[in-house]
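The values are calculated or read from the model by the stated rules, or taken from the named source; none is laboratory data. All of these numbers come straight from a predicted model, not from anything done at the bench. Here Cβ is always computed from backbone atoms with ideal geometry, including for glycine, and neighbour counts include all displayed protein chains. When the accessible area is computed, the model is the full protein with side chains, heavy atoms only, and any ligands, DNA or RNA have been set aside. Shrake-Rupley method; radii C 1.70, N 1.55, O 1.52, S 1.80 Å.
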Amino acid sequence: MTAIAERPVSTGRPPGPPEAAHRANEAAREHLLSLQDPAGWWKGELATNVTMDAEDLLLREFLGISDPLTVEQTARWIRSQQRADGTWATFHGGPAELSTTVEAYVALRLAGDAPLDAHMARAAEWIRTHGGLESARVFTRIWLALFGLWSWDDLPAMPPELIFLPKQVPLNVYDWACWARQTVVPLTIVWHYKPCRPLAFGVDELRTGVTPGPAPDEDRISSFFRGLDRWLHRYERRRVPALRRAALRQAAEWIIARQEADGCWGGIQPPWVYSLMALHLMGYPMDHPVIRSGIAGLDGFTVREETPDGPVRRLEACQSPVWDTALALVALADAGVSPRDPAYVSGTDWLLGEEVTVKGDWSVRRPTLAPGGWAFEFANDGYPDTDDTAEILLALMRARNPDGEPVRERRIRSAMDRGLAWVGGMQSKDGGWGAFDADNTRALINKLPFCDFGAVIDPPSADVTAHIVEAYAVLGKPHDPAALRGIRWLLDNQERGGSWFGRWGANHVYGTGAVVPALVAAGVAASHPALRRATAWLLAHQNLDGGWGEDLRSYVDPAWIGRGESTASQTAWALLALLAVAETPSAVTDEVRAAIDRGVLHLAETQRTDGTWDEELFTGTGFPGDFYINYHLYRLVFPLTALGRAVDFYSVNERTADYDVVETR
């Protein structure tokens, strides 16, 4: 409570950037502190799209555990997200998406909505116009097949014998990204049984009668895999029963071994629902502890809300308490909160208790590496990730207190040492870092016929690599060989226009906002050509209102790169990059200073009276091009981080008589 900060004296005029930054910083800081759970963590809702809710209703119907209230409240939510043309999208304001619309339509039919209802008729017409069921993605057609609405014979083969492939052989389960392997293994069991549990209705009104053929420009590898798929369908009729039984048994054991303490699988929806269905088909009763825990765990991912139309129910695809808490602590430190503050102490202690101390799938590629990272979820010990670990290392570094209790300080230092050692061991051969696995780069898997949705491998990315390089630098090891290789990877992977691609956030604004501060922290001069190009790119893409934004369509349409409606989180990412460059006085040109001022004023002017910001647009990324996320805490933690650093920037660059000293938290 004794930290000292400087702010401009109010003159009665509209506040200039320094005073605006200080006021907005104070309000945002207090709002973030008010959101902390008594246990020490922060967690914002993680919003996605209605496929989560549609598939939840279908899962409950399949397992025989559906109830009228759940159906009613979930259907009300799905209807509320339908647009005027009858469609649903994968992100707010995005284009209509066929498979999402198909799944929402089927779920509403399950809830009792009739095909002739106006909203259903509009959806059906749009679906037919855009290719019908025949053009939906494979995963959507799997859901249809479960209920007799599609033929299993017309789906790609997924034989359970896949579980036997050794890790050295292409297409083994560890060639898949962690989220994909946990989905594919249970799906092989589902594909073996090919269940059909007919509903009381059909969906022929969604069919066109035209089955799309292979792409005109299909390459030879894709053509080969289509041929292999035909062979696997023939093999299915001649399979060796003993081998199949062994494969099913091993796949089921693999699944059970990966269930987390809260009942989930991987902390994410796809493997969770398919694992429950797979074990159910294997004969596990509904009161079996694994099944019972899995179903009960879904309640912890359920959001209920009162609306003018009545109560709604929706499902989070995953949750982000560890990530959110690390970001919150970094933001609070930048906002002037002392590491001795009770909020910072409790948040730090909670993170220390979340350290993963057991090995997971990552150890298949790194068998001799000791554990030491952190995961994304409350319970996800099987899948720590390098991105969370890097951010937590940055938070823990801020938490150190030279005057603190020695035992606690040693605990923090030991956790940091283990975390950095684990991250270093997870570096890929090319010098970059993926999120969950090392060297998960075998792109051949993308050619498989059922890989038509989402990322299925986890190669190094600029944003993850940047966070880790920054952690090395802040922890005093910018010249560590791993850090130097990471710096080289980042410099080699800058986009031609000067930005960096953002794998886990939207998109080039996120990537650039992560890489520039990391390179500066690692000692790369602001005059380096890469940083000059990045600065120029950010200046060129600032919106007229002073903010930055990038539409998620930039993942599939380059015309959208760096373009979009301003958001609080994306404005903050751009400011973090410019403020990092501005740490070098010679880099603070009039143009850079003006951009920082305009960005700060945009945040100050759009801030709500309670200290946070509105942000309906999605700025998080699950699978580029396919699945996006609205992290509800992003709109607060990133602007607070940027504003805190802006306050420091102004205090260094504008020490005039217009400043006085005030006491802050």
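Quick notes
- R0 of 35 Å, Cβ-Cβ distance D229-T357: FRET efficiency to nearest 0.05: 0.25
- For segment 53-102: Kirkwood Rh in Å [reciprocal of mean 1/r, alpha carbons]: 11.8
- In degrees, nearest ten, helix 462-474 long axis to first principal axis of the chain (Cα): 40
- Percent accessible area from carbon and sulfur atoms, the chain, protein chains only, probe 1.4 Å: 54
- With a Förster radius of 22 Å applied to the beta-carbon distance between R413 and H479, the computed FRET efficiency rounds to 0.65.
- Among the trypsin sites (Lys or Arg not before Pro) within segment 590-649, those in coil by DSSP and having at most 14 neighbouring Cβ atoms inside 10 Å are R608.
- Convex hull (Cα only) mean projected area of segment 263-327, reported in nm² to one decimal: 6.0
- Rounded to the nearest 10 Å², the accessible area of E61 at probe 1.4 Å: 70
- To the nearest 10, the accessible area of F649 is 10 Å² with a 1.4 Å probe.
- The residues Y193, Y650, sorted by heavy-atom accessible surface at 1.4 Å with ligands and nucleic acids left out, run Y193, Y650 from largest to smallest.
- Extending 7 Å from the Cα toward the beta-carbon at both D590 and I65 defines two label points whose distance is 6.6 nm.
- Degrees, to the nearest 10: 68-80 long Cα axis against longest axis of the chain: 60
- For the chain, the dipole from Cβ point charges (+1 on Lys and Arg, -1 on Asp and Glu) about the Cα centre works out to 2160 debye, to the nearest 20.
- Alpha-carbon centroids, segment 136-204 and segment 80-130: separation in whole Å: 24
- Mean projected area in nm² (Cα convex hull; one quarter of hull surface) for the chain: 30.2
- Ranking C264, C451 from most to least accessible surface, computed with a 1.4 Å probe over the protein chains only, gives C451, C264.
- Residue-wise HN-Hα coupling along segment 208-223, computed from phi with Karplus coefficients 6.51, -1.76, 1.60 (Hz; x: Gly, Pro): 10, x, 10, 9, x, x, x, 4, x, 9, 4, 7, 5, 5, 4, 5
- The label point for A261 and the one for A39, both projected 7 Å from the Cα toward the Cβ, are 0.9 nm apart.
- Dipole magnitude (debye, nearest 20) for segment 297-396, charges at Cβ of Lys, Arg, Asp, Glu: 300
- Put simply, the amide H of F627, placed in the peptide plane, has neighbours under 5 Å in G622, leaving out anything fewer than 5 places away on its chain.
- Segment 241-263 versus segment 21-63: alpha-carbon centroid distance in Å: 32
- The slack in the chain from R237 to V303, taken as 0.36 nm per residue of separation less the alpha-carbon distance, amounts to 19.3 nm.
- Cα-derived Rg to Rh of segment 216-264, Kirkwood definition: 1.22
- The mean sequence distance of close C-alpha pairs (under 8 Å, at least 6 residues apart), as a share of the length of the chain, puts its relative contact order at 19 percent.
- Counted residue by residue at 0.36 nm each, then reduced by the alpha carbon distance between them, the extension gain from R366 to A246 reaches 40.5 nm.
- Computed over neighbours whose Cβ is under 13 Å from that of L601, the net charge equals -1, Lys and Arg +1, Asp and Glu -1.
- Gain upon complete extension [L171, D439; 0.36 nm per residue less C-alpha separation]: 95.1 nm
- As a length-normalised measure over Cα pairs under 8 Å and 6 or more apart, the relative contact order of segment 507-585 settles at 42 percent.
- Over all Cα atoms in segment 409-512, the spread is summed up by Rg and Dmax: 15.2, 52 Å.
- If you sort F164, F301 by accessible surface, 1.4 Å probe, largest first, the order is F164, F301.
- C-alpha long axis of helix 406-425 to longest principal axis of the chain, angle in °: 50
- The calculated Kirkwood hydrodynamic radius for segment 122-220 is 15.6 Å, given to one decimal from all distinct C-alpha pairs.
- Projecting the Cα atoms of G347, L369, T357 onto the charge dipole of segment 304-390 (Cβ charges, centred on the Cα centre) puts L369 farthest toward the positive pole.
- Approximate spin-label separation L116-D545, in nm, with each point projected 7 Å along Cα-to-Cβ: 4.5
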